[in-house]
Amino acid sequence: MNSPLAAQDNYPCQKNPIWSRSEKLIARKAFDAALGRELHQVIQEAKRRASQINESSDLWALEHYLTQRRKEIDRKYDYRYSQLTDVFARLLYENRLSEEDLRGLHEDKLESIRSLARFLKNRAA
């Protein structure tokens, strides 16, 4: 998710927001929690699929699944501060984060996150 998307549809974009020390701690905790939850789901699915391997094609299907999920996760979880509002918006949209996880962030960041999450929801509808 790049900022040009944010510039469309009156999304209130923050190009390079400044993160206070306390916001950085909140952001790291929320980021790590969302990543941990997503990786837990991948592990559970990999175990389920592994338990059903009966032939070599099943093994390669598991490998393909894991490779695809790794690529998706690597693209999604970008901890650069310039990207975090977009990352958090996507995670909020995907229900991997709640607004409670982000409590303590400055209101301008929260509004940017909420606004992009709404945009993503409306675009998907």
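The values are calculated or read from the model by the stated rules, or taken from the named source; none is laboratory data. Every value quoted in this text rests on a predicted model; they were computed, and no experiment measured them. Methodologically, a virtual Cβ is constructed for each residue, glycine included, from the backbone with ideal geometry; neighbour enumeration extends over all protein chains shown.
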Checklist outcome for this item: Cβ pairs under 7 Å, 6+ apart or interchain, first in the stretch 15-38 and in contact (Cβ under 8 Å) with a residue 40 or more places away in the chain, second β-branched (V, I, T), ordered by first then second residue, are P17/T85; E38/I73
Checklist entry - Just for helices (runs of 4 or more DSSP H) wholly inside the stretch 13-125: which have at least 1 residues that are at pLDDT below 95, exposed (fewer than 10 other Cβ atoms within 10 Å of the Cβ) and among the aliphatic types (A, V, I, L, M)? => result 107-124
